[in-house]
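The values are calculated or read from the model by the stated rules, or taken from the named source; none is laboratory data. Keep in mind that what you see is a predicted model, and the values were worked out from it rather than measured. Cβ atoms come from the backbone with ideal geometry, glycine included; neighbour counts cover every protein chain shown.
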């Protein structure tokens, strides 16, 4: 679409996906959309953002809790919508699905306004993925009120 319009750089996006096939799971992501994986109501892992603040965290220059308020939080190092010499997204290895209890796939507008502790608390008290997502969405809306919120999109999967 960008090429058809003669515009090669203005339309960019991030993404995250989860594949569940034959008892195994695998995920991919690019940019600062994230996948969180939970075991026993605790965060087991999350994807690492392709962003300036994530690089600063990895270098030890800032703490992870400061990523969402860092002035360069929207400076992304990898996105969809620019030409690549080679693929810039990341794919995980395959893992047994039984290793996990739940997954959250979300944009930066979602994770910026909810702490991991709250995700875990809400997961523990929820009976369904829908209930878990509703509790988290209410928290995001509350914490983002009167702030410059980006779009917030999320998908919850419980097993």
Select from the range 10-25 the residues that are surrounded by fewer than 10 Cβ atoms within 10 Å (Cβ to Cβ) and part of a loop (DSSP other than H, G, I, E, B) and write down the one among them that is modelled with the lowest pLDDT.
10
Residue that is surrounded by the fewest Cβ atoms within 10 Å (Cβ to Cβ), among those in the range 105-116 that are touching a helix residue (DSSP H, G or I) at 6+ places or on another chain (Cβ under 9 Å) and more than 16 Å from residue 31 (Cα to Cα):
115
Can you tell me which condition residue 59 does not meet? The list is (1) over 24 Å from residue 39 (Cα atoms); (2) exposed (fewer than 14 other Cβ atoms within 10 Å of the Cβ); (3) under 14 Å from the mean Cα position of the chain (by Cα), and all the others hold.
(3)
Only one of 123, 159, 135 is more than 22 Å from residue 15 (Cα to Cα) and surrounded by fewer than 17 Cβ atoms within 10 Å (Cβ to Cβ), namely 159
Taking the range 36-50 as the region of interest, how many residues are under 17 Å from residue 105 (Cβ atoms) and not in a loop (DSSP other than H, G, I, E, B)?
8
